[in-house]
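A quick write-up on the structure given underneath.
The values are calculated or read from the model by the stated rules, or taken from the named source; none is laboratory data. Quantities reported herein were computed from a predicted structural model and do not represent experimental measurements. Glycine also receives a Cβ, built like all others from the backbone with ideal geometry; neighbour counts cover every protein chain displayed. Accessible surface areas use protein heavy atoms only, side chains included; no ligands, DNA or RNA. Shrake-Rupley method; radii C 1.70, N 1.55, O 1.52, S 1.80 Å.
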Amino acid sequence: MRDPRLVRLAENLAGYSIEVQPGDNVLIEMSGSEHELLKCLIEQVAARDGRPFVETSERSVLRSQLIHASREQIELWAELDLQRMKRMQGYIAIRSGGNVNELADVPPEKMQWYDQLYRKPVHLEQRVKHTKWVVLRYPNDSMAQLAGKSTEAFEDFYFDVCNLDYAKMDAAMDPLRDLMAATDQVRIVAPGTDLSFSIQGIGAKKCSGHRNIPDGEVFTAPVRDSVEGRITYNTPSVYGGFTYEEVSFTFSQGKIVEATCNDSKRINELLSSDEGARYIGEFSLGFNPYILHPMKDTLFDEKIAGSLHFTPGQAYEETDNGNRSSVHWDLVQIQRPEYGGGEVYFDGVLIRKDGRFVTPELEGLNPEHLK
């Protein structure tokens, strides 16, 4: 007998997240072995008269493929998959796997080829901009271990997070979206952080289960050249299979002019992938009430209650500041008291302190109102 929480998740993904319509072509990509969820998704897409297409893969297979790939092969791979993606109206990705560091020993040059020649045209340019898409993780033993939970406890946590009432959250986001859209100057203060920038004229976008599961953020982007000061992130982050820790950036006229972490040489090579990698493409406030601690999984960590992320690389079309890059790296700072606290100011007014919204119109985004 199927877990009813799994059926509900598939219904939400097909019916709410990407709103499958009759005749929609929907690509379902599965990295892992969650075949029961995959079958549920096929059924839910078909029940709405959509046409499901399936691709399965493993991170360990991707590692082997990249290690042995030539530049020309990656270019052809991108060309073929781009043509397929152009035929899709919807996209659901279920990402899993036992080792978050599976790609750690892929040569950096080949990871750059993969980012620039494959991920950028197929996903950042075509899928993100031209399909209804949603990306989610699926619970496994590795994720439970990273979260410091038993497998059973993590599954309960996972379904609480992923089957949240996102429609309710969506309505509660409106005041923050409107305030962001009307704001000019932002200041962020926290341990190792004093950062200022403008978001004037950029706009803001709600994330309430239509693009990521789990979800729970409102994002914008800084005016590209306006960022000044320093930010220190207090959560580890996996990028290209390597775990970066204690990342700190110093900005001048929008550009990262100094970057340090547990491997400063590696991070500076990554930020030198292209010109846009040293500029910021996204600023977001996270507030999913069930996600409290980092687990080295971006889809979860960027939604942590009382967090923000400040993202080097590609800007989203909805809040476009003109920055273009093959990189889009959501690095997270948690501002709740147990992580050192912090403050966010919009046009000189304190809107969030130590992870809690403090103005009346935004209090609906505090955890007790979203559960």
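Figures for the structure shown
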read-out	value
Residue, farthest from M85 (Cα to Cα), within the stretch 33-56, restricted to residues that are crowded, with 20+ Cβ neighbours inside 10 Å and in contact with a Lys or Arg (Cβ under 9 Å, 6 or more places away or on another chain)	C40
Sole exception among (1) modelled with pLDDT under 95; (2) surrounded by 19 or more Cβ atoms within 10 Å (Cβ to Cβ); (3) touching a helix residue (DSSP H, G or I) at 6+ places or on another chain (Cβ under 8 Å); (4) outside any loop (DSSP other than H, G, I, E, B) for K129, by number	(2)
Selection count where residues are in a loop (DSSP other than H, G, I, E, B) and touching a Leu at 6+ places or on another chain (Cβ under 9 Å), scope the stretch 132-150	1
In the stretch 167-197, the residues that are touching a Leu at 6+ places or on another chain (Cβ under 6 Å) and closer than 12 Å to E228 by Cβ	I188
Some residue of the stretch 287-297 being under 30 Å from V106 (Cβ atoms) and not in a loop (DSSP other than H, G, I, E, B)	no
Single match in E245, E269 (criterion: farther than 25 Å from R95 by Cα and either surrounded by fewer than 23 Cβ atoms within 10 Å (Cβ to Cβ) or without any contact (Cβ under 8 Å) to a residue 24 or more places away in the chain (or both))	E269
Conditions (1) at positive phi; (2) open to solvent by 20 Å² or more (accessible area, probe 1.4 Å); number of the one not met by L292	(1)
Matching residues, the stretch 299-353, being of a type in the set (A, V, I, L, M) and in contact (Cβ under 8 Å) with a residue 40 or more places away in the chain	L299, I304, A305, L308, A315, V327, L331, V332, I334, V344, I351
Residue list for the stretch 34-63, restricted to those being hydroxyl-bearing (S, T, Y) and either closer than 24 Å to V20 by Cα or at pLDDT 95 or above (or both)	T56, S57
Scan of the stretch 203-230 for residues that are surrounded by 22 or more Cβ atoms within 10 Å (Cβ to Cβ) and aliphatic (A, V, I, L, M), ordered by number	A204, I213, V218, A221, V227
F357 vs. criteria more than 24 Å from Q116 (Cβ to Cβ), touching a Phe, Trp or Tyr at 6+ places or on another chain (Cβ under 9 Å), surrounded by fewer than 23 Cβ atoms within 10 Å (Cβ to Cβ) and at pLDDT 95 or above	yes
Identity of the residue in the stretch 7-32, in contact with a helix residue (DSSP H, G or I) (Cβ under 7 Å, 6 or more places away or on another chain), open to solvent by less than 10 Å² (accessible area, probe 1.4 Å) and part of a helix (DSSP H, G or I), that ends up farthest from R48 (Cα to Cα)	L9
The stretch 147-177, residues that are farther than 18 Å from G286 by Cβ and in contact (Cβ under 8 Å) with a residue 24 or more places away in the chain	G148, F159, N163, A167
Positions within the stretch 224-240 being modelled with pLDDT of 95 or more and of a type outside the set (D, E, K, R), in sequence order	S226, V227, G229, I231, T232, Y233, N234, T235, P236, S237
Hey, V134 open to solvent by 60 Å² or more (accessible area, probe 1.4 Å), among the hydrophobic types (A, V, I, L, M, F, W, C), modelled with pLDDT of 90 or more and within 30 Å of D3 (Cβ to Cβ) or not	no
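Residues checked against (1) in contact with a Cys (Cβ under 8 Å, 6 or more places away or on another chain); (2) modelled with pLDDT of 95 or more; (3) surrounded by 18 or more Cβ atoms within 10 Å (Cβ to Cβ); (4) outside any loop (DSSP other than H, G, I, E, B):
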{"site": "Y91", "(1), (2), (3), (4)": "no, yes, yes, yes"}
{"site": "N101", "(1), (2), (3), (4)": "no, no, no, no"}
{"site": "E109", "(1), (2), (3), (4)": "no, no, no, yes"}
{"site": "Q112", "(1), (2), (3), (4)": "no, no, yes, yes"}
{"site": "D115", "(1), (2), (3), (4)": "no, no, yes, yes"}
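Rundown of residues vs (1) surrounded by 17 or more Cβ atoms within 10 Å (Cβ to Cβ); (2) closer than 23 Å to C261 by Cα, yes/no style:
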{"position": "Q314", "(1), (2)": "yes, yes"}
{"position": "G322", "(1), (2)": "no, no"}
{"position": "L331", "(1), (2)": "yes, yes"}
{"position": "V344", "(1), (2)": "yes, no"}
